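Engineer: Sharing a structure below in structure tokens format, with a few things to ask.
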Amino acid sequence: MAYKIIATILTDSDQSTEGLDAAIALSARMDAHLDIYVVTISHTENHNYYLGTEAIMVAEQTRDAITHRETLEKWLDDRMHGEMVRWAAHAATIQGPELTGFLARKLRFSDLVVLPRPYQDNPEAATMVEACLFSAERPVLMIPKGCKAPDAGGHVLMGWNDGAEALAAARAALPLLKQAEVADICIIDPPAHGADRSDPGGAMAQYLMRHGTKSEVAVLAKTEPHVGEILLRRAREVGAQMIVAGAYGHSRLREAVFGGATRKLLESADLPILMSR
């Protein structure tokens with residue numbers, strides 16, 4: 001089992017290119033086709049100009065975005081020269097509000113989307129991640145600045161709470177989990193009266209074993225305010241190369257206001273994170 005179609009999105013060559021670099025590395029390792037979406041965005045705001053000038057401003061902003069896209073396409077051609085992967089570039093210039101719909105239409109035919117981690121230096125990254133997870137319904141591997149794609153044979157930490165989002169993430173990560181040396185199934189403060197209280201994580205460990213992945217189960221107390229903080233600490237302790245976690249077990253609004261495991265990981269993770277829902 002392997003990813004056969006990997007996608008990534010390039011919006012600016014001046015920002016970190018860890019997402020592109022990781023997508024290239026994974027495509028080469030899994031003999032996958034790589035789709036690179038070169039997207040520039042016109043951010044003109046409507047209703048803020050004198051009558052008659054709005055159309056002019058939109059036209060100028062769009063023209064600048066197209067020029068930037070053409071420059072980015074040339075940069076990509078140079079960057080991909082000599083890479084031994086099958087790849088195709090798909091270029092588009094769109095208005096800001098159309099970004100989610102555009103990505104939903106294009107990325108739903110991918111097995112995995114690789115992006116830079118949000119809340120770094122790319123203002124569009126959070127929108128792109130949410131478009132992949134909610135609209136395109138695709139798993140996303142997010143790469144923090146200074147990191148690379150997880151190597152084969154490394155240690156992977158998987159957050160597990162018996163929820164649908166966590167199970168979706170585990171299934172989406174199988175091609176990477178099968179290449180890992182060990183998967184650490186991390187369960188935080190399981191319910192005392194849960195259905196699997198006598199063997200928490202046992203069913204998931206068996207599932208991974210039958211897919212050829214060696215796994216270990218770690219049951220941890222909730223010693224930090226957010227589950228995401230505990231997952232990050234555990235990942236550092238065991239030397240994990242990647243975290244696998246379900247995305248937005250709570251609503252996006254609740255996570256934005258009160259915080260949550262997803263928000264904490266998206267803001268603070270210093271190693272790659274694979275999320276699905």
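Engineer: Quick check on packing: order 134-146, 65-77 by the mean number of other C-beta atoms within 10 Å, highest mean leading.
Structural biologist: With the highest mean Cβ count within 10 Å placed first, the list reads 134-146, 65-77.
Engineer: As an exercise, take the mean of 1/r over every pair of distinct alpha carbons in the chain, invert it, and state the Kirkwood radius in angstroms.
Structural biologist: Result for the chain stands at 19.7 Å.
Engineer: Then there's this: With the crude spin-label approximation of a point 7 Å out along Cα→Cβ, what separation in nm comes out for ALA104 versus MET1?
Structural biologist: Here the answer is 2.8 nm between the modelled labels.
Engineer: Same structure, new question: With +1 on the Cβ of every Lys and Arg and -1 on the Cβ of every Asp and Glu, and nothing else charged, how large is the dipole of the chain about its Cα centre, in debye rounded to the nearest 20?
Structural biologist: It works out to roughly 760 debye.
Engineer: So, counting K/R as plus one and D/E as minus one, what does the shell of residues with Cβ under 13 Å around ALA125 add up to?
Structural biologist: Summing Lys/Arg as +1 and Asp/Glu as -1 gives -4.
Engineer: Excluding LYS222 itself, calculate the net charge of residues whose Cβ lies under 11 Å from the Cβ of LYS222, where each Lys or Arg counts +1 and each Asp or Glu counts -1.
Structural biologist: Result for the local shell: -3.
Engineer: Ordered by residue, what ³J(HN,Hα) values in Hz, to whole numbers, does region 222-231 give under the Karplus form 6.51 cos²θ - 1.76 cosθ + 1.60, where θ = phi - 60° and Gly and Pro are x?
Structural biologist: With the stated coefficients, region 222-231 comes to 7, 9, 10, x, 10, 4, x, 5, 5, 4 Hz.
Engineer: Something else about it: Magnitude of the Cβ-charge dipole of region 95-243, K/R +1 and D/E -1, about the Cα centre, nearest 20 debye?
Structural biologist: 340
Engineer: Further, regarding this structure: On the protein heavy atoms, probe 1.4 angstrom, tell me the percent of accessible surface of the chain carried by carbon and sulfur.
Structural biologist: 50
Engineer: Given H placed on each backbone N at 1.01 Å, which residues far from ILE188 in sequence or on other chains put an amide H within less than 5 Å of it?
Structural biologist: HN-HN under 5 Å from ILE188: TRP160, LEU220.
Engineer: Then there is this: Remind me, relative contact order of the chain in percent, using alpha carbon pairs under 8 angstrom and six or more residues apart?
Structural biologist: Taking the mean separation of contacting Cα pairs over the length of the chain, I get 19 percent.
Engineer: For the chain, what does the accessible surface come to per residue with a 1.4 Å probe? Please give it in Å².
Structural biologist: Ligands and nucleic acids excluded, the result is 48 Å² per residue.
Engineer: If every alpha-carbon in region 75-215 counts as one equal scatterer, what log10 I(q)/I(0) does Debye give at q = 0.12, 0.15, 0.18, 0.21 1/Å?
Structural biologist: -0.64, -0.94, -1.19, -1.37
Engineer: At 0.36 nm per residue, and after removing the present C-alpha to C-alpha distance, how many nm does the segment from ASP162 to ASP121 gain when stretched out fully?
Structural biologist: Stretched out fully, the ASP162 to ASP121 stretch lengthens by 11.4 nm.
The values are calculated or read from the model by the stated rules, or taken from the named source; none is laboratory data. Just so we're clear, the structure is a prediction, and the values are computed from it rather than from any experiment. For neighbour counting, all protein chains shown are included, and Cβ atoms are generated from backbone atoms with ideal geometry for every residue, glycine included. Remember, those area values only see protein heavy atoms, side chains included, never the ligands or the DNA or RNA. Shrake-Rupley method; radii C 1.70, N 1.55, O 1.52, S 1.80 Å.
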